[in-house]
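Trainee: Pasting a structure here, questions to come.
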Amino acid sequence: MKKLILLFLAFIIVIVIAGFWFVNGLTPKDNNSQTKRFVIDQGETASAIGIDLAKNNLIKSATAFRIYSQVTQTARKIKPGSYDLSSNQWVPQIIAKLLNGPTEIWVTIPEGLRKEEIAEKFTDFDKFNKQEFLNLTKNDEGYLFPDTYLLPRDATASTIVKIMTDNFNKQYTEAAKNKTNPLSKNDIVILASIVQREAITAEDMRGVASVLMNRYNSGMSLGSDVTLEYALGQQPDGGWWKKDLTVDDLALDSPYNTRTNAGFPPTPISNPGLVALEAAANPPNTSYLYYLSDSDGKLHFAQTLEEHNANIQKYLQ
């Protein structure tokens, strides 16, 4: 009986000590009311957030933060982004600020989108106006660089456009610093925008750039269906890139129809990333004039129509 009593008392003592430790871990780190910028990366767990808060001297205990956020079921409600926090607040107060949302928001723009699709990525921004964005980017298709941005939550359309186009200019300068393609900057961007939609891997992008340049230089039509998809615009299902083009689609009377018109379309058809820009600025020297995509998205290249037809039989039948 005495052993049981002692064990029970020891248990109570442990619980009391743990309670004191936990409560102390929730108390403010210090009395400093000055705010500090704190960034939560995309995909960070509550444990990682707590560790970062402790490293930045904003809380006493990363473990106490993790336990509290999990017990209160707030861990998964914290959004990535930038926050203004101070170390004179209790952990519950800090979590409350985190739940109010960030002052800066992460937004990822994938490669190969058109400007209308990019506009949809900014719906969480308080002062963003979609129509204003589309008006401002009327002549900027291809020049809105796809990237992951951390932007102020109150960023306007004009601010976002400037950030994206400035980033494009920086990235294009890098991609074209040793360019071998004699095309103008705008034509290289047009070429890159087609390459981005036609291929997935860097190797295939270089191959597509080579084919399109060979066809361009020989006076052949480019024969790229993605330019037709761009011309066809938004589809009934809300998407912007029609698949399974019909015979009527292929005969579309449009300057973006690169089956019926030689040369490049009048503007870029998507917003390419760095790899596509590099491929367009430095296409490899090959004799390829044709390519096709198999069911896995892998491209197969051919020098002659006979070889191309053989690839059709091999990979598409």
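The values are calculated or read from the model by the stated rules, or taken from the named source; none is laboratory data. The shown structure was predicted, so the numbers you read here are calculated from the model rather than taken from an experiment. In this analysis, Cβ positions are derived from the backbone assuming ideal geometry, glycine residues included, and neighbour counts consider all displayed protein chains. SASA here: full protein model, heavy atoms, side chains in, ligands and nucleic acids out. Shrake-Rupley method; radii C 1.70, N 1.55, O 1.52, S 1.80 Å.
Trainee: For the stretch 93-116: of the residues being touching a Lys or Arg at 6+ places or on another chain (Cβ under 8 Å) and of a type outside the set (A, V, I, L, M, F, W, C), which is farthest from Gln171 (Cα to Cα)?
Mentor: Only one residue tops the list, namely Gly101.
Trainee: Please enumerate the residues belonging to the stretch 93-117 that are farther than 30 Å from Thr227 by Cα and assigned to a loop (DSSP other than H, G, I, E, B).
Mentor: Asn100, Gly101, Pro102, Thr103
Trainee: Before we move on, is Lys185 over 23 Å from Phe168 (Cβ atoms) and of a type in the set (Lys, Arg)?
Mentor: Considered against the rule, which asks whether it is over 23 Å from Phe168 (Cβ atoms) and of a type in the set (Lys, Arg), Lys185 comes out as no.
Trainee: Against the conditions (1) of a type in the set (Gly, Ala, Ser); (2) at negative phi; (3) out of contact with any strand residue (DSSP E or B) (no Cβ under 7 Å at 6 or more places or on another chain), where does Ser82 fall short? Just the number, please.
Mentor: (3)
Trainee: A further question on this structure: Taking only pairs six or more apart or across chains, which ones have beta-carbon atoms under 6 Å, a first residue in the stretch 112-129 that is on the phi > 0 side of the Ramachandran plot, and a second residue that is open to solvent by 30 Å² or more (accessible area, probe 1.4 Å)?
Mentor: Sorted first by the residue in the stretch 112-129, then by its partner, the pairs are Gly112/Arg197.
Trainee: Here's something else I'd like to know. Among the residues of the stretch 213-243, which ones are within 20 Å of Leu113 (Cα to Cα), in a helix (DSSP H, G or I) and among the hydrophobic types (A, V, I, L, M, F, W, C)?
Mentor: As a first pass, look at the stretch 213-243 and keep what is within 20 Å of Leu113 (Cα to Cα): 224-243.
Applying the additional criterion that residues be in a helix (DSSP H, G or I) yields 225-232.
Within the stretch 213-243, Val226, Leu228, Ala231, Leu232 qualify.
Trainee: Could you grab me the full set of residues in the stretch 48-96 that are free of Cβ contacts under 8 Å to residues at least 24 places away in the same chain, surrounded by fewer than 15 Cβ atoms within 10 Å (Cβ to Cβ) and more than 26 Å from Tyr149 (Cβ to Cβ)?
Mentor: Of everything in the stretch 48-96, those that are free of Cβ contacts under 8 Å to residues at least 24 places away in the same chain, surrounded by fewer than 15 Cβ atoms within 10 Å (Cβ to Cβ) and more than 26 Å from Tyr149 (Cβ to Cβ) turn out to be Val71, Thr72, Gln73, Gln93, Ala96.
Trainee: Could I ask something else about it? All but one of (1) out of contact with any Gly (no Cβ under 7 Å at 6 or more places or on another chain); (2) open to solvent by 60 Å² or more (accessible area, probe 1.4 Å) hold for Ile118; state the number of the condition that does not hold.
Mentor: (2)
Trainee: Another question about this same structure. Of the numbered conditions (1) of a type in the set (D, E, K, R); (2) modelled with pLDDT under 90; (3) not in a helix (DSSP H, G or I), Arg37 fails exactly one; give the number of that condition.
Mentor: (2)
Trainee: Scan the stretch 187-198 for residues that are open to solvent by less than 10 Å² (accessible area, probe 1.4 Å) and under 17 Å from Asp294 (Cα atoms) and jot them down.
Mentor: Selection gives Val195 alone.
Trainee: How many of the residues in the stretch 197-211 are within 18 Å of Asn271 (Cβ to Cβ) and out of contact with any helix residue (DSSP H, G or I) (no Cβ under 6 Å at 6 or more places or on another chain)?
Mentor: Looking only at that region, the number is 1.
Trainee: So which residues in the stretch 129-185 are touching a Leu at 6+ places or on another chain (Cβ under 9 Å), surrounded by 19 or more Cβ atoms within 10 Å (Cβ to Cβ) and farther than 22 Å from Ala276 by Cβ, if there are any at all?
Mentor: Ala157
Trainee: Mind listing whichever residues of the stretch 275-314 are modelled with pLDDT under 90 and part of a loop (DSSP other than H, G, I, E, B)?
Mentor: Asp294, Ser295, Asp296, Gly297, Lys298
Trainee: Separate question: Does Thr123 count as at pLDDT 95 or above, surrounded by fewer than 17 Cβ atoms within 10 Å (Cβ to Cβ) and farther than 15 Å from Gly50 by Cβ?
Mentor: no
Trainee: Give Leu113, Leu58, Leu85 a once-over and let me know the one that is more than 22 Å from Glu44 (Cα to Cα) and aliphatic (A, V, I, L, M). Can you show your working first?
Mentor: On the way: Leu58 fails: more than 22 Å from Glu44 (Cα to Cα); Leu85 fails: more than 22 Å from Glu44 (Cα to Cα).
Checking each option against the conditions leaves just Leu113.
Trainee: Within the bounds of the stretch 254-272, is there any residue that is outside any loop (DSSP other than H, G, I, E, B), open to solvent by 50 Å² or more (accessible area, probe 1.4 Å) and out of contact with any strand residue (DSSP E or B) (no Cβ under 9 Å at 6 or more places or on another chain)?
Mentor: no
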